[in-house]
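Coordinate-derived values only; no laboratory data. Because the structure is predicted, anything quoted here is derived from the model rather than measured. Cβ: placed from backbone, ideal geometry, glycine included. Neighbour counts: every protein chain shown.
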Amino acid sequence: MRVRKRIGSRARPRSGRRGLAYWLVLIQVMSVASCTGTVEVPDSQEAVPLFRQIDAKVAKSFATKARLTEVETALFRAEVGAISVGRFDQAFDAMFTETTVAPNWPPWQRVDMNHVDGIVQLEEAIADIELGNDAGIPDLVQVTYKACLYDNRANVVQCWDSSASQAHKRNVGECLTDMSVCIGRQLEITVRDAVARMMVQIENDPVIRTWASQQATREARP
Amino acid sequence: MGKSTGHERSKTVNIERAIIVLFLTGSLVVPPPAATSAEKDTEIQAAQNIGLLWWPADPAQSMYSFSKDIDRCLTQHLLKAVPQFTLLRHETVQDMLYPLMEPGTQPENEHDFAALLRRKDVRLRLADKGVRFLVAFSGSTRSEDWQGGIFCGGGYGGAGCLGFSWADKETALDAVLWDLADIDRPELAQASESGTSIMPAFLLPIPIPASTQAGACRELGQRISTIIKEKPDVQNIN
């Protein structure tokens, strides 16, 4: 009660030291308040990704586990799942000659999927953010993905994993105004890199090309 | 109303003749021939953009700030030196070539880079964006430890420093210039500048850093622009 009274009182003169302390606390609270929120990262890019297309019609699916991935720190929240879904949606469109969207419910595994050659699914999106500081400890961002291609009877054709990480040592005051912007850029670089690694891996995978040519042969058969 | 004049009749006959002639020559049934490789080269030569790309990108580098400075500086210099070209900065070119130029997917050496530029989809994308030259630049700044000495002290009457320190600094940049009309002959350009950062201390230490980065970048920009200007077909572009 006594403390409250003293804080609320404006008439009583304060010592310079105590006044400074109040101001510092206020600035700290304001800066923390300005930092909290969702990290804004673009979930797509302007140019269509370059990819030697796979001649197949596939349905795109994003597992709930991947879609809802979030990373929360004391200062902000990053919706890594939503960002990843946007990026992979664009990537899958570039990878296959024809794409459709697999149903969310009932799950595509329980539905007749004979209208497509296969289903490509983002299975997992795992992200980790470790905040550093201005004194030389870098901010660490790591993103890992797992995607699989299934045939239209839900048998696995091939799965791929990709991972990327980024350590960023802050310059003095670089992330002072808005920590989420600073981490957002780092997260964007990492997500871009991990998706790119996955795309290149799939592009160079002979299994998927063989599978696609088998689908084409089957369709050509009377 | 139903009767046509002699002039209209002759006009109809002329149109019919033209259709027959076109049909006989095959123009109506044969699609236009696909562009030959020579025509594609002409398209590339007519392109008017220079793309800048930080390569090989070092993901450990502090949020690419060094590359951004060099990118900005080279853009400014080349805009002045070869004003007939438009400059596309690193991020634009990296987006254009996604996913092939990310830290984990970029080509490891010049041979792989050339192979990438030979990819049909890459060439089409670059041609579509009007890129004639691609400048792949890289480099770093190396700073030595501080030499000399500064002594600071304080007492009840006040505090202050006295002394002099210095540190050598060197920025080395290099670039590979790819002419998309002639991928087999990339041209190399290098530039470096060294200087000494000083820190005199009289009461307060005042660091005066050597700006080696700007000098090296200016020199590199000059070399790149000279190579571009020497291209015979570029000399004709105004």
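Worth a mention:
- Rg/Rh for segment A:127-213 stands at 1.19; both radii use Cα atoms, and Rh follows the Kirkwood definition.
- Chymotrypsin sites (Phe, Trp or Tyr not before Pro) within segment B:109-180: DSSP coil, no more than 11 neighbouring Cβ in 10 Å: B:Tyr156
- For segment A:38-220, with +1 on Lys and Arg beta carbons and -1 on Asp and Glu, the positive-most of A:Leu122, A:Met179, A:Gly86 along the dipole: A:Leu122
- Förster radius 35 Å - calculated FRET efficiency between A:Arg110 and A:Asp55 (Cβ-Cβ, nearest 0.05): 0.80
- Comparing Cα centroids, segment B:110-173 and segment A:77-156 end up 36 angstrom apart.
- Expressed in Å, the radius of gyration and Dmax of the Cα atoms of segment A:38-220 are 18.2, 64.
- Debye, to nearest 20: dipole size of segment A:45-101, +1 on Lys, Arg Cβ, -1 on Asp, Glu Cβ: 160 debye
- Radius of gyration over Kirkwood radius for segment B:123-238, both on Cα atoms: the Rg/Rh ratio is 1.29.
- 3J(HN,Hα) along segment A:201-210: 4, 5, 4, 8, 7, x, 4, 6, 5, 4 Hz, from the Karplus curve 6.51 cos²θ - 1.76 cosθ + 1.60 with θ = phi - 60°, whole Hz, x for Gly and Pro.
- Pairs over the 20 Å Cα-Cα cut-off, from the set B:Lys80/B:Lys169; B:Lys68/B:Lys231; A:Lys169/B:Lys68: B:Lys80/B:Lys169; B:Lys68/B:Lys231.
- Kirkwood hydrodynamic radius of segment B:44-165, Cα pairs, Å: 17.3 Å
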